[in-house]
1. Kindly indicate whether any position in segment 179-186 is in contact (Cβ under 8 Å) with a residue 40 or more places away in the chain, farther than 30 Å from Thr90 by Cβ and of a type outside the set (Val, Ile, Thr).
2. Name the residues in segment 286-310 that are part of a helix (DSSP H, G or I) and touching a residue at least 40 places away in the same chain (Cβ under 8 Å), would you?
3. When both residues are 6+ apart or on different chains and their Cβ atoms are under 9 Å apart, which pairs have a first residue that lies in segment 227-248 and is under 15 Å from Ser193 (Cα atoms) and free of Cβ contacts under 8 Å to residues at least 60 places away in the same chain, and a second that is of a type in the set (Val, Ile, Thr) and in a loop (DSSP other than H, G, I, E, B)?
4. Among the residues of segment 59-80, how many are touching a residue at least 60 places away in the same chain (Cβ under 8 Å) and either open to solvent by less than 70 Å² (accessible area, probe 1.4 Å) or within 21 Å of Ala246 (Cβ to Cβ) (or both)?
5. Filter segment 70-97 for residues that are in contact with a helix residue (DSSP H, G or I) (Cβ under 9 Å, 6 or more places away or on another chain) and within 30 Å of Ile292 (Cα to Cα) and give the result.
6. Can you report the number of residues in segment 82-125 which are of a type in the set (D, E, K, R), open to solvent by 40 Å² or more (accessible area, probe 1.4 Å) and closer than 20 Å to Thr270 by Cα?
7. Take the residues in segment 294-314 that are open to solvent by 80 Å² or more (accessible area, probe 1.4 Å) and out of contact with any Leu (no Cβ under 9 Å at 6 or more places or on another chain); name whichever of them is nearest to Leu168 (Cα to Cα).
8. Could you tell me whether segment 122-141 includes any residue that is charged (D, E, K, R) and part of a strand (DSSP E or B)?
Amino acid sequence: PVLPLRSRACIVGGILAGRAPARGSSRVPLRTLIGGGRTSSWSSQQQSGNLLVATDVALAVLLLSGSGLLIRSLRALLSRDLGFERQVATAEITLSTERYRSDPAGRLAYWDGLANAFRSIPGVEAVGIGNWVPLGFGGSTFIDVEGHDGPATGAAYRAVNEDYFQALAIPFLKGRGFDREDSPGAARTAIVSRRLAEQYWPGQNPIGRRIRATSMESGSNGGAVPWLTVVGVVADVRHWGLESEAEPTIYVSFRQVPQMTYGMTATIRTPLDTLRLFRLLADRAHSLDPSIAVSLGTLDQRQRDLLIPRRLTASLLTGFATLAL
């Protein structure tokens with residue numbers, strides 16, 4: 001990763017500060033260093049040396065201050081709330097075989113079977129399914145809001161199952177979650193994030209309002225973009241990690257958008273040991289369909305990976321500051 005400009009400036013400053021006294025000391029006559037005599041210039045050289053030492057100390061303190069501020073900002077970042085639970089296992093799966101490509105009902109049946117198989121593991125509290133889960137990839141859509149005449153804006157778009165919010169501990173603020181009644185052919189429904197609700201219906205009740213995902217759903221239903229009735233509001237989520245802000249988000253039932261169900265990620269909330277859990281998840285997924293590959297991980301590890309550049313920068317700057325001092 002590329003170091004920030006401030007970090008590079010501090011490192012270069014420390015190196016230059018170290019070169020000056022070294023070059024100055026190399027010009028001192030050998031006889032002076034071994035006590036063979038003093039020259040008339042020794043006093044001025046000593047004063048220059050004192051000045052260089054003072055400059056070195058000042059620059060070292062500057063480096064230490066910079067590293068301290070960087071560490072402080074990293075700690076402040078780590079204290080931010082993501083809006084969801086990170087101690088969650090993930091199982092990424094793509095239904096790439098011919099068996100599922102032209103069978104929307106078969107894809108829905110697979111995801112239901114996978115969720116049930118994972119729930120059968122003792123200790124599993126909830127299993128969510130979503131096409132884009134936090135700290136991974138994500139999709140967005142242009143939206144239309146009924147009764148809103150402003151310019152078209154965008155929102156994050158997520159297709160999820162009924163237990164998605166429970167698995168990630170995303171709290172409901174108003175309304176209800178999805179259920180089996182939100183099925184293919186039923187009236188379209190949506191759940192929106194608090195930020196989206198406050199943006200379009202400030203001080204009002206968003207339940208019952210209608211919204212459309214114009215770009216994401218333009219190819220479904222013969223090209224007609226359906227209206228979605230808002231049935232719930234959930235808390236905001238920092239989908240892209242601690243350094244991002246929460247986006248306005250629309251959640252739809254994955255049962256009503258089968259075109260979005262080729263690749264999904266299961267989120268498994270459980271206190272079980274990770275390695276043991278991974279073995280059980282792999283066994284359950286293999287027993288359901290051995291031809292489908294499963295990629296296992298955790299949301300916590302995804303977050304740590306996203307912070308690697310910041311941690312590396314802080315470690316390097318602290319190391320250089322210590323050496324300079």
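1. no
2. Taking segment 286-310 as the starting set, the residues that turn out to be part of a helix (DSSP H, G or I) are 286-288, 299-306, 308-310.
Correct list: Ser287, Leu288, Leu299, Asp300, Arg302, Gln303, Leu306, Ile308, Pro309, Arg310.
3. Between residues of segment 227-248 that are under 15 Å from Ser193 (Cα atoms) and free of Cβ contacts under 8 Å to residues at least 60 places away in the same chain and residues that are of a type in the set (Val, Ile, Thr) and in a loop (DSSP other than H, G, I, E, B), the close pairs are Thr229/Ile207; Val230/Ile207; Val231/Ile207.
4. Taking segment 59-80 first, the residues touching a residue at least 60 places away in the same chain (Cβ under 8 Å) are 59-61, 63-64, 66-67, 70-71, 74, 77-78, 80.
Among the residues that remain, those that are also either open to solvent by less than 70 Å² (accessible area, probe 1.4 Å) or within 21 Å of Ala246 (Cβ to Cβ) (or both) are: 59-60, 63-64, 66-67, 70-71, 74, 77-78, 80.
Of the residues in that region, 12 qualify.
5. Applying the first criterion (in contact with a helix residue (DSSP H, G or I) (Cβ under 9 Å, 6 or more places away or on another chain)) to segment 70-97 yields 70-71, 73-74, 77, 82, 84-91, 93, 95.
If the condition is that a residue be in contact with a helix residue (DSSP H, G or I) (Cβ under 9 Å, 6 or more places away or on another chain) and within 30 Å of Ile292 (Cα to Cα), then Phe84, Glu85, Arg86, Gln87, Val88, Ala89, Thr90, Ala91, Ile93, Leu95 are the ones that fit.
6. 5
7. Arg304
8. The initial filter retains those residues of segment 122-141 that are charged (D, E, K, R), namely 125.
In the following step, the residues that additionally are part of a strand (DSSP E or B) were identified as none.
Scanning segment 122-141 turns up no residue that is charged (D, E, K, R) and part of a strand (DSSP E or B).
The values are calculated or read from the model by the stated rules, or taken from the named source; none is laboratory data. This is a predicted model, so every value here is computed, not measured. Positions of Cβ are generated from backbone atoms using ideal geometry, with glycine treated the same way; all protein chains shown enter the neighbour counts. The accessibility values were calculated without ligands, DNA or RNA, using every heavy atom of the protein model including side chains. Shrake-Rupley method; radii C 1.70, N 1.55, O 1.52, S 1.80 Å.
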